[in-house]
Amino acid sequence: MDIQVGEMFKVQSSCPLVTVDGYVDPSGGDRFCLGQLSNVHRTAASHRARLHIGRGVLLECRGEGDVWMRCLSDHSVFVQSLYLDREAGRAPGDGVHKIYPGAYIKVFDLRQCHRQMQQQAAAAQATTAVSAIPGPNGVGGIAPAVSLGVDDLRRLCIVRLSFVKGWGCDYPRQSIKDTPCWLEVHLHRALQLLDQVLHTMPQQDQAL
């Protein structure tokens, strides 16, 4: 639902493959076991969903930072992916993509993400320049607009997935926070590139 459970699971760059499953073995290295996470606030729906995760998903990092996913579970997983949105001809963030058991599919493209963040950063900077209220040295009003753009840019570097239950306009649950068991994959290389893009933006010292 809307409560984070456990600490962030960090995958070392030496592990290009990582499995996220529903079993109760200790997590470590290239395997994240959701079944061993304790949560005193767990609902019956979350408990049932967790039982159906089974072998879960395999995430594979290819090249510098492209990500592929294989559904190992007997049940579908649902993914929010800007790459899949573009491949399906949908607006960014508009779709939730159902990945069937056994499917192996690309869910993140680093080069596309880099281009998108450059375009959005440039657009945010242009909007800021137009809408800024003049102040000392002409920088008044810049910080709020650029900071808002940073949050949007960070979303480009995240893939969200829900086990068993979907969400969005095609499902009863409108938000991923209404699904019983979901996770976010924060892509480190993409976040590094975002940091580089932000450092090339003028007035960065006022924004952050």
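The values are calculated or read from the model by the stated rules, or taken from the named source; none is laboratory data. For clarity, every value in this text was computed on a predicted model and none was experimentally measured. Neighbour counts are summed over all protein chains in view; Cβ atoms, including those assigned to glycine, are modelled from backbone coordinates with ideal geometry. Side chains included, ligands, DNA and RNA excluded: accessible areas come from the protein's heavy atoms. Shrake-Rupley method; radii C 1.70, N 1.55, O 1.52, S 1.80 Å.
Cβ-Cβ contacts under 8 Å between residues 6 or more apart (or on different chains), taken from a first residue in the stretch 157-168 that is under 15 Å from Ile53 (Cβ atoms) to a second residue that is assigned to a strand (DSSP E or B) and of a type in the set (D, E, K, R), are listed as Gly166/Lys98.
Are any of the residues in the stretch 34-48 of a type in the set (A, V, I, L, M) and open to solvent by 60 Å² or more (accessible area, probe 1.4 Å)?
yes
The rows are residues; the columns are (1) at pLDDT below 80; (2) among the hydroxyl-bearing types (Ser, Thr, Tyr); (3) surrounded by fewer than 14 Cβ atoms within 10 Å (Cβ to Cβ).
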| position | (1), (2), (3) |
| --- | --- |
| Thr127 | yes, yes, no |
| Ser131 | yes, yes, yes |
| Pro136 | yes, no, yes |
| Gly141 | yes, no, no |
| Leu153 | no, no, no |
| Lys165 | no, no, no |
| Asp170 | no, no, yes |
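Considering only the stretch 50-59, I want to know if a residue exists there that is at pLDDT below 80, within 20 Å of Ser175 (Cα to Cα) and not hydrophobic (A, V, I, L, M, F, W, C). Within the stretch 50-59, one or more residues are at pLDDT below 80, within 20 Å of Ser175 (Cα to Cα) and not hydrophobic (A, V, I, L, M, F, W, C).
Conditions tested, residue by residue: (1) loosely packed, with under 15 Cβ neighbours inside 10 Å; (2) modelled with pLDDT of 95 or more.
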residue	(1), (2)
Arg70	no, yes
Ala88	yes, no
Ala91	yes, no
Gln120	no, no
Ala124	no, no
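So which residues in the stretch 185-204 are in a strand (DSSP E or B) and either surrounded by fewer than 13 Cβ atoms within 10 Å (Cβ to Cβ) or in contact with a Cys (Cβ under 8 Å, 6 or more places away or on another chain) (or both)? The one that is in a strand (DSSP E or B) and either surrounded by fewer than 13 Cβ atoms within 10 Å (Cβ to Cβ) or in contact with a Cys (Cβ under 8 Å, 6 or more places away or on another chain) (or both): His186. A search for C-beta distances below 7 Å between a residue of the stretch 112-125 that is without any contact (Cβ under 8 Å) to a residue 12 or more places away in the chain and any residue that is buried (at least 19 other Cβ atoms within 10 Å of the Cβ), counting only pairs 6+ apart in sequence or on different chains, returns nothing.
Among the residues making up the stretch 43-72, a single one is under 23 Å from the mean Cα position of the chain (by Cα), more than 30 Å from Leu110 (Cα to Cα) and of a type in the set (Lys, Arg): Arg50.
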